[in-house]
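The values are calculated or read from the model by the stated rules, or taken from the named source; none is laboratory data. No experiment lies behind these values; they were computed from the predicted model shown. In this analysis, Cβ positions are derived from the backbone assuming ideal geometry, glycine residues included, and neighbour counts consider all displayed protein chains. Accessible surface areas use protein heavy atoms only, side chains included; no ligands, DNA or RNA. Shrake-Rupley method; radii C 1.70, N 1.55, O 1.52, S 1.80 Å.
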Amino acid sequence: MRYIYIIMCMMLSCISSSAQKAGDIVSIKQTEVDKYFYATPIPDEVFRRMRDKSFPKHCTTKRSDLRYIRVLHINKEGKTQVGEMVCHKSISADLIDIFRKLYEARYPIERMVLIDNYDADDEKSMAANNTTCFNFRFVTGSRTKVSKHGLGMAVDINPFDNPYIKGKVVKPKGAKQEPEITKSSLPYRLFTEHGFRWGGNWKSLKDYQHFEK
């Protein structure tokens with residue numbers, strides 16, 4: 001009887017954490033943290049949000065190759081917030097571990113919701129300083145080569161604070177040109193330890209927000 005009671009409590013706990021929406025501010029106990037960090041195949045309700053946006057009709061990346069992850073992050077006001085992301089299944093465990101360590105270190109991430117909240121528009125998402133991953137598209141100039149974001153293999157962290165810079169072009173518009181992420185910062189250390197490459201190391205341009213595998 002006691003065993004059944006424990007199982008029921010665990011089920012209710014998981015349902016409660018899933019009921020929280022991405023972007024919600026939460027107040028939780030340390031013992032409750034684990035249930036907020038998980039990866040799952042793309043749920044139908046999430047896929048409905050993605051369809052014809054980050055997952056357009058011509059998408060060649062398989063839904064079954066993607067994962068929906070939930071995490072906690074500390075926002076710019078120092079509050080605990082629920083975050084969400086879609087990524088490739090091969091990096092889902094990496095991202096859960098990285099964002100768990102960023103959360104524990106109280107590293108500030110302003111916003112982490114699906115890019116579909118911004119109609120899969122990169123400019124709008126970056127301007128909102130939204131941390132994101134999957135958004136299907138081909139590499140510029142190609143009709144067949146899928147970009148790292150299109151595969152769910154690249155993550156952009158606080159893009160307004162860590163812009164893309166090529167010559168005089170700065171994206172998003174109005175972004176500060178001195179990035180938060182440097183080689184001495186925690187995101188750089190964690191992502192590179194997990195085998196990601198950093199856009200801030202590129203020579204022809206700098207993409208300080210960008211980590212890819």
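If we count every other residue with Cβ under 10 angstrom of Val139's Cβ, Lys/Arg +1 and Asp/Glu -1, where does the sum land?
Summing Lys/Arg as +1 and Asp/Glu as -1 gives +4.
Once amide H atoms are built 1.01 Å from N in the peptide plane, which residues 5 or more positions from Arg111, or in another chain, come under 5 Å H to H?
Thr131
Roughly how many Å² is the accessible area per residue of the chain, as a whole number, for a 1.4 Å probe?
About 54 Å² of surface per residue is accessible.
Only Cα pairs within less than 10 Å get springs; with that Gaussian network setup on the chain, which residue of Asp34, Asp119, Asp97 has the largest fluctuation?
Per the Cα network of the chain with a 10 Å cutoff, Asp34 tops the list.
Carbon and sulfur together cover what percent of the accessible area of the chain at a 1.4 Å probe radius?
Ligands and nucleic acids excluded, carbon and sulfur reach 53 percent.
According to the square roots a ≥ b ≥ c of the eigenvalues of the Cα gyration tensor, what is the shape class of the stretch 58-144, taking rounded for a/c under 1.5, prolate for a/b larger than b/c otherwise, and oblate for the remainder?
Oblate, since a/c reaches 1.5 and b/c is not below a/b.
What is the distance, in nm, between label points placed 7 Å from the Cα along the Cα-to-Cβ direction at Ser204 and at Val26?
Computed distance between label sites Ser204 and Val26 equals 4.2 nm.
What FRET efficiency do you get for Thr182 and Lys76 if R0 is 25 Å and r is their Cβ-Cβ distance, rounded to the nearest 0.05?
0.85
Please report the antiparallel percentage of the DSSP beta bridges confined to the chain, to the nearest 5.
Here the share of antiparallel DSSP bridges comes out near 90 percent.
Quick one: which residues, 5 or more positions from Gly83 or on another chain, have an amide H under 5 Å from its amide H? H modelled 1.01 Å from N in the peptide plane, none for Pro or chain starts.
Placed amide hydrogens put Gly23, Val71, Leu72, His73 under 5 Å from Gly83.
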